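Notes follow the structure.
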Ligand code: SF4
Ligand code: SF4
Ligand code: SF4
Ligand code: SF4
C-alpha cells in the first residue's frame, strides 16, 4: 500500500554516523559489582522506597512504589542485597545527587514469583495500574509514564496510534537494533496499545536509512496479518523522530503551538516502549533493562542490553573508551546532555552513551552577535522564530519568550546547528525554561503562603471574636441576680442577637451563627438529672437553690457598695 | 434646535444611566493595585519591610506611605518588578531593611526542643506542628524562611538552613559568562 506522506518544515541533515554501532548485534552486558538505581527516573512524583539497607531483593522485585498516579514504579534488575538507600550522583547535567537504591548483586539472579495478570480479561484501568507498577515509561527519552498516555480520553477513541521508530539523531541506533531483533513483540505491544486507545490504525514510522529494521517490521506485520497495522518508511531528515514532526509526516496533522497531538486524535509511543508494554503484560516482566547505544570515541561501538542502574563507567569499559575522550554525553550529539561523571548510572532515559573527543566534536567556535539572517527560523522544525526566542531569553525577558512559544521548542538543536554566528541557542532556551519553571514554583509557594497567612489572620480574628462573645454571654447571664442598675448596663442576649445581623462580614455572620447554634445546643442539653425527682430529692434541691440565692444576694449587696467600677467592667467585656 | 437639544439630553441621560449601572455591576472588590503589588511580593511574611506582612506593605506602597525597595526576600528582581508595575524609577534595596539571602528553611533540633509552643505562635504561615510539652517540627514545604520563629525560641534550637538545589529544581546557567577585567583593575578597588 502506498501511503501519501507529508513533510515538516525545517530540519537538518547531519552526518548520521550510525554504521559503526550496527555492525554487531545487541550484546547483553554482564552485571556490574554494584547497581545504583535512582528512584526518580521519570516525569512525575518520586517513588517511595520500599527497601532499606540490608534487605535482600529478588530480580523483578519492586523497590520503589509509584507516588500518586503521575509516577511509576522502580524494580531490582537482579537478586542481591541492598547496601544503601542514599543520594548518589545522577546522570544529569546538574551534577547533583538524588535518592538511589544501591544493590550488590549476588550472582544468582533469583526471580521474584510473578503475580499472574490476565490482561485480556482486565479492565483498561487495571491494565494501566499494572503498567504503572511495572515501571513502564516512554523510552524515547522523555520518560513520561506510559500508563497515563494509554487511555482513550474523553472522546472515547483515538484515530491514530503512531509508533515512533524514526530514531533520527546521529550515532543512536538502539531502536534500530531493537526493531531488527524484536519486531514481532514490538508490533504485539502496539496492538495492545491500539486496543487500549481504541485507535483506528497503527502507523509505525521508520526512517529510510534503516532498511533492515523496516524489513523486519514488515515481515512481522505480515505474520500478524493485522490490516490496521502499517509500517511506513519516512525520509531521513533530522528531527523526523520528534513526536509532532513524525505525526505530521505520517498523517499530515499539524499540531498547533501549545496544543497536544491527543487533541487531534493521535497518540505517539516509541518502539522500545511498545516492547516494554508487551513484556509487562504478556510476561509480567517489569522494566529493568534497556538497550543503550555506546558510540563515539570508543574502540568497539555497539548496542548493549544493560541492567538499569549499571554505572556508566562500567558500560564504557566494555566498549573500550579511548584515552583522548574529553566529555561523556548521555543522548546524541544534538540533544544530549553532558554527564557529570562515570559513577552515574544508566537510567530508563539513557538511549545512548556518547564519548566525545576534540577530534570528533571540535570545540565550538566563538559566539558572535546575531545578524538576524533567519537561518535558524528556516531550520526550526517546530515553526518557531529561534532568534526572537534567543533575544528574549538572553535579555531575561521570559514573558516575551513565552509569547514566542518557548515551550514548543523541542531543543532539537537545528537552529544552533545552522547558525552562522555559532550561538549556542539551545543553551539559552534551556536556561530560560528552567528560570520560568523556577519562577512558577516560587509563585506557587508564594500563593500558598499568602493563603496560609490570611487563614491564620482570619483564625486569630475569629478567636478574638469568639472570646468577646463568650465574655459578653457570661456577663449577660450574670445580671439576673444582680441589682437593677448592674443588669441594665450589661447587654441582654437579645441585644447581642439583634446586633449580629448588622455585621456585614460574611465570616463574622458565620461565626455568629455557629455561636447561636452552640448556645441553643447548650440550652437544649439542660441538666437531665433534675427531672423525675422524688419529693425528698426535690426538697434537697430547693434547699440548695435557696442557699445559692442567699449567697448571690449577699454578693450583690456587697457589689452595690462598690458599684461604679463594675458596670464599666461589664461593658468592656461586651465590647471586646 | 429643540430636537437637537432633546437628542443631546436623551443621549446624556442614557449614557449616564449606562455608566451608573456599570459602576454598580462591575464594582471591584478591594483595591486592585494593592492586589497587584501583593502578587509581586514574595509572601515570606517576615516583616523586614517594617509592616506586619506582605499585604500591609502592599497597602502602604499603594497608599504612597512606603518605598518600593524595602523587601529583602523579594530582592533586586522584586524591586524591578514593582518599579515596572508602578512606573517608578528602580532603586537598589534599602540596606536598612536587610539584605537578600538565599532561600532557607527553619529546622528544629528536635532533641533540644522543650515544647514551649512559642515558635508556633510566631510562625505566620502555620508551618510548625507540635503541642505543649511535645517535640515540635517544621514542615519544610510550608516554611517561607521568614526567621520569625528563631528569636522567640528559649532553647535556641531553631536553625535556618539554606535550601539546596535538587535535580528537579536545578537551573541551567546563563550561557554568557561575564569576563572580568584583570589587567587594569584599579588598585583602590582591589584593596
Ligand atoms: S541563525 Fe543565528 S545569526 Fe542567524 S538569525 Fe538565527 S540566531 Fe541570528
Ligand atoms: S532547538 Fe527549538 S528553536 Fe531551535 S530549531 Fe529546535 S525547536 Fe526550533
Ligand atoms: S519584607 Fe517582603 S516578604 Fe517580608 S513581610 Fe515585607 S513584603 Fe513580605
Ligand atoms: S520555641 Fe523552641 S523550644 Fe519552644 S517549641 Fe519551638 S522549637 Fe521547641
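Every read-out reported here was derived from the displayed coordinates using simple, explicitly stated rules and does not represent laboratory data. Since the model is a prediction, treat every value here as computed from it, not as a measurement. All Cβ positions, glycine included, derive from the backbone under ideal geometry; neighbour counts span all protein chains shown.
Once the piece of chain linking residue A:254 and residue A:327 is laid out straight, how much longer is it, given 0.36 nm per residue of separation minus the C-alpha distance between them? Walk me through the intermediate numbers first.
Working: separation 73, 0.36 × 73 = 26.28 nm, distance 3.73 nm.
Working it through step by step, the gained length comes to 22.6 nm.
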### Summary
Residue span residue A:225 to residue A:371: 0.36 nm per residue of separation minus Cα-Cα distance leaves a gain in nm of 47.1 nm
### Message
If each DSSP helix of 4+ residues adds -39,500 (n - 2.57) and the sum is divided by the residues in chain A, what number results at 222 nm, nearest 500 deg cm²/dmol?
### Response
-12500 deg cm²/dmol
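Rounded, prolate or oblate: pick one for region A:265-341, where a ≥ b ≥ c are the square roots of the eigenvalues of its C-alpha gyration tensor, a/c under 1.5 means rounded, and failing that, prolate if a/b is larger than b/c, else oblate. Before the final figure, lay out each step's value.
Numbers: a/c = 2.72, a/b = 1.76, b/c = 1.55.
Taking the square roots of the gyration eigenvalues as a ≥ b ≥ c, region A:265-341 is prolate.
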### Query
Over chain A, what is the mean sequence separation of C-alpha contacts under 8 Å (at least six apart), divided by residue count, expressed as relative contact order in percent?
15 percent
## Note on the structure
P(r) over all Cα-Cα pairs of region A:316-450, 5 Å bins from 0 to the longest distance, whole percent per bin, short to long, reads 2, 9, 16, 17, 16, 14, 12, 8, 4, 1, 0, 0
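Out of the DSSP beta bridges found with both residues in the protein assembly as shown, what percent are antiparallel (nearest 5)? Mind dumping the intermediate values first?
Working: 42 of 67 bridges.
That works out to approximately 65 percent antiparallel.
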### Query
With the Cα gyration tensor of the protein assembly as shown giving a ≥ b ≥ c as the square roots of its eigenvalues, does the rule (a/c under 1.5 for rounded; else a/b larger than b/c for prolate; else oblate) give rounded, prolate or oblate?
prolate
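Quick one: A:94, A:225, fewest Cβ neighbours within 10 Å first, how do they rank? Let's see the in-between values first.
Working: A:94 18, A:225 7.
With the sparsest Cβ surroundings first, the list reads A:225, A:94.
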### Query
What's the center-to-center distance, using Cα atoms, between region B:104-181 and region B:1-18 in Å?
65 Å
### Query
Between region A:238-293 and region A:163-224, what's the alpha-carbon centroid distance in Å?
10 Å
### Query
If R0 is 30 Å, what FRET efficiency do you get for residue A:305 and residue A:337 from their C-beta distance, rounded to 0.05?
0.85
### Summary
Place a point 7 Å from the Cα of residue B:155 in the direction of its beta carbon; the residues of region B:115-134 whose amide N falls under 14 Å from it are B:115-120, B:129-134
### region A:101-241, relative contact order [Cα under 8 Å, separation at least 6], %
23 percent
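Would you calculate a helix-derived [θ] at 222 nm for chain B, using -39,500 (n - 2.57) for each DSSP H run of n ≥ 4 and dividing by the full residue count, to the nearest 500?
Values: 6 runs with 63 residues, N = 191.
That comes out to -10000 deg cm²/dmol.
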### Query
How far apart, in nm, are two points set 7 Å out from the Cα along the Cα-to-Cβ line at residue A:459 and at residue A:69?
3.0 nm
### Query
What percent do you get for the relative contact order of region A:295-389 when only Cα pairs under 8 Å and 6+ apart count?
29 percent
### Query
Hey, how many Å between the Cα centroid of region A:70-92 and the Cα centroid of region B:47-74?
47 Å
### Task
Could you run the Debye sum over the Cα atoms of region A:344-401, one equal point scatterer each and no solvent, and tell me log10 of I(q)/I(0) at q = 0.14, 0.18, 0.25, 0.26 Å⁻¹, two decimals?
-0.71, -0.91, -0.96, -0.98
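If each residue of separation counts as 0.36 nm, what is the full-extension length gain between residue A:7 and residue A:385 once their alpha-carbon separation is subtracted?
Numbers: separation 378, 0.36 × 378 = 136.08 nm, distance 1.89 nm.
Residue separation times 0.36 nm, minus the Cα-Cα distance, leaves 134.2 nm.
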### Residues A:163, A:308, sorted so that the one with the fewest Cβ neighbours within 10 Å comes first
A:308, A:163
#### Entry: Sequence of A:458, A:391 once ranked by neighbouring C-beta atoms within 10 Å, starting from the fewest
A:458, A:391
#### Entry: residue A:407 paired with residue A:24, simple spin-label distance in nm, labels 7 Å along Cα-to-beta-carbon
4.5 nm
### Message
I need the shape label for chain B. Rule: rounded when a/c is under 1.5, else prolate if a/b > b/c, else oblate, with a, b, c from the alpha carbon gyration tensor.
### Response
oblate
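Need one value for A:450-463: mean number of C-beta atoms belonging to other chains within 10 Å of its residues' C-beta atoms. Let's see the in-between values first.
Working: counts 11, 2, 9, 12, 5, 2, 6, 5, 0, 1, 0, 0, 0, 0.
Mean partner shielding for this stretch: 4.
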